[in-house]
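Trainee: Dumping the structure here so I can ask a few things about it.
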Amino acid sequence: MSASITATVRPVPQVRRLLNDGSTVIAVVTLFVALIAVIFVPRFGTLGNIRALLLSVALTGIAAVGLSLITIVGRIFSLSLASTIALSTIVFAAALPAGPWVALLLATGFGALTGAVQGLIVGKLGTDPIITTIAFAAILLGAGELVTGGLTVSRGGDASVFGTNLFGVLPFQVFVFIIVTAVIAWWHKYTVQGRRLSLIGLNEPAAAVSGLRSWPLVLLAFTLAGTTAGLAGGLLSSQSGQGNLLLGGTFGFDAVTAVVVGGISVNGGSGSPVSAAVGALFVGLLGNVLVLVGFSYETQLVAKGLLVLLAVVLTGIAAASKGGRRR
């Protein structure tokens, strides 16, 4: 009798862990919404629309996966993300005559450099990450205006190599998104430095007492976030061969939305880069469905804003519930 009772009870914690895993929940919701869209939304299931959806998700996802590291380490977000992407498109377009791979490397390197500077300031000097990254966003946009005069940068060159389909079906940018997610997720889960990000985000004072310095890891998180932002900017510019300060658009907000909707706590210490990738897929899916149904751009912004608010509220409730159980 006792053995049967034990067998019955054992699965419950596993189910609870799955329900507490933000990426699992949002993945199930994403699949459900996709199935509903296939049945009820005209043109959603067409090959052309699926390809457009994946392309729109790829760049946001690349940026969101890097941004998630800043959130996990307990530094909330980088609000200079859109500016970094915008400036990276200009770097890519300006360097394109030297070759597409050189241009992509320089755009990615530019993003890494901007991220490293911000990470050094936030990590070493202990400044507020929101204020610091807002200030950096202004610096980047101002510098961009001074250099370009607000004009589109186009120097020629061919970046069509980044517009190809691997194996005839998988867009190159989607392939990059998958690789970036896999590499960063592996690094976060299986390396000492990656796991320490979560430890610092979860309880930085305790980590300090144990001798773990936080600022090098904060620097690393910002550098990787800047790297993925620069990569996203370069790939974005490769679509037209042009760079413009407006190309950053809503990428910053969409990346933040992906991180929050993916179930990564803004308090730090929980979640994974995979959660951000799944969140990006859901955000892209939602936007795609709203467009096909006929909702305006303004309505989409309202929907995304409500989605972020709901995710933050639910995360707060979950955190309070866990705290209550511990007490």
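Trainee: Is it the case that ILE179 is under 19 Å from GLY109 (Cβ atoms), without any contact (Cβ under 8 Å) to a residue 60 or more places away in the chain and not charged (D, E, K, R)?
Mentor: Yes.
Trainee: Here are some residues: GLY211, GLY249. Which one is more than 25 Å from LEU79 (Cβ to Cβ) and modelled with pLDDT under 90?
Mentor: On the way: GLY249 fails: more than 25 Å from LEU79 (Cβ to Cβ).
Of GLY211, GLY249, the one residue that is more than 25 Å from LEU79 (Cβ to Cβ) and modelled with pLDDT under 90 is GLY211.
Trainee: Select from the stretch 33-77 the residues that are of a type in the set (S, T, N, Q) and out of contact with any Phe, Trp or Tyr (no Cβ under 7 Å at 6 or more places or on another chain) and write down the one among them that is farthest from ILE121 (Cα to Cα). First the steps, then the outcome.
Mentor: So the first thing to find is which residues in the stretch 33-77 are of a type in the set (S, T, N, Q), and the list is 46, 49, 56, 60, 68, 71.
From the residues that got through so far, the ones that are out of contact with any Phe, Trp or Tyr (no Cβ under 7 Å at 6 or more places or on another chain) too are 46, 49, 56, 68.
Working: THR46: 47, ASN49: 43, SER56: 32, SER68: 19 Å.
Taking the candidates together, the pick is THR46.
Trainee: Further question on the same structure: Quick check, is SER56 within 20 Å of ALA182 (Cα to Cα) and at pLDDT 80 or above?
Mentor: Taking the combined requirement at face value, the residue satisfies it.
Trainee: Would you mind listing the helices (runs of 4 or more DSSP H) fully within the stretch 192-309 where at least 3 residues are in contact with a helix residue (DSSP H, G or I) (Cβ under 8 Å, 6 or more places away or on another chain)?
Mentor: Output list reads 192-202, 215-238, 251-261, 273-293.
Trainee: With the condition kept exactly as written, say whether any residue in the stretch 57-75 is basic (Lys, Arg), surrounded by 17 or more Cβ atoms within 10 Å (Cβ to Cβ) and touching a residue at least 60 places away in the same chain (Cβ under 8 Å). Let's see the steps before the verdict.
Mentor: Going residue by residue through the stretch 57-75, those that are basic (Lys, Arg) are 75.
Now drop any that are not surrounded by 17 or more Cβ atoms within 10 Å (Cβ to Cβ), which leaves 75.
Filter again for touching a residue at least 60 places away in the same chain (Cβ under 8 Å), leaving 75.
Checked the stretch 57-75: at least one residue is basic (Lys, Arg), surrounded by 17 or more Cβ atoms within 10 Å (Cβ to Cβ) and touching a residue at least 60 places away in the same chain (Cβ under 8 Å).
Trainee: Please find, among LEU220, LEU307, the residue that is farther than 26 Å from GLY48 by Cα, surrounded by fewer than 19 Cβ atoms within 10 Å (Cβ to Cβ) and in contact with a Leu (Cβ under 9 Å, 6 or more places away or on another chain). Reasoning before the result, please.
Mentor: Working: LEU220 fails: surrounded by fewer than 19 Cβ atoms within 10 Å (Cβ to Cβ).
Being farther than 26 Å from GLY48 by Cα, surrounded by fewer than 19 Cβ atoms within 10 Å (Cβ to Cβ) and in contact with a Leu (Cβ under 9 Å, 6 or more places away or on another chain) holds for just one of LEU220, LEU307, which is LEU307.
Trainee: Could I ask something else about it? Being buried (at least 24 other Cβ atoms within 10 Å of the Cβ) and either free of Cβ contacts under 8 Å to residues at least 60 places away in the same chain or not aliphatic (A, V, I, L, M) (or both) is the filter here, so list the residues in the stretch 87-109 that pass it.
Mentor: Those that are buried (at least 24 other Cβ atoms within 10 Å of the Cβ) and either free of Cβ contacts under 8 Å to residues at least 60 places away in the same chain or not aliphatic (A, V, I, L, M) (or both): SER88, THR89, PHE92.
Trainee: Okay, next question. Out of the stretch 164-185, which residues are surrounded by fewer than 13 Cβ atoms within 10 Å (Cβ to Cβ) and not polar (S, T, N, Q)?
Mentor: Scanning the stretch 164-185 gives LEU166, PHE167, GLY168, VAL169, ILE179, VAL183.
Trainee: For the stretch 125-142, how many residues meet the condition of being part of a helix (DSSP H, G or I) and exposed (fewer than 13 other Cβ atoms within 10 Å of the Cβ)?
Mentor: Residues flagged as part of a helix (DSSP H, G or I) and exposed (fewer than 13 other Cβ atoms within 10 Å of the Cβ) within the stretch 125-142 amount to 4.
The values are calculated or read from the model by the stated rules, or taken from the named source; none is laboratory data. Note that the structure is a prediction, hence the values are computed from the model and not measured. Every residue, glycine as well, gets a Cβ built from its backbone with ideal geometry; the counts of neighbours run over all protein chains shown.
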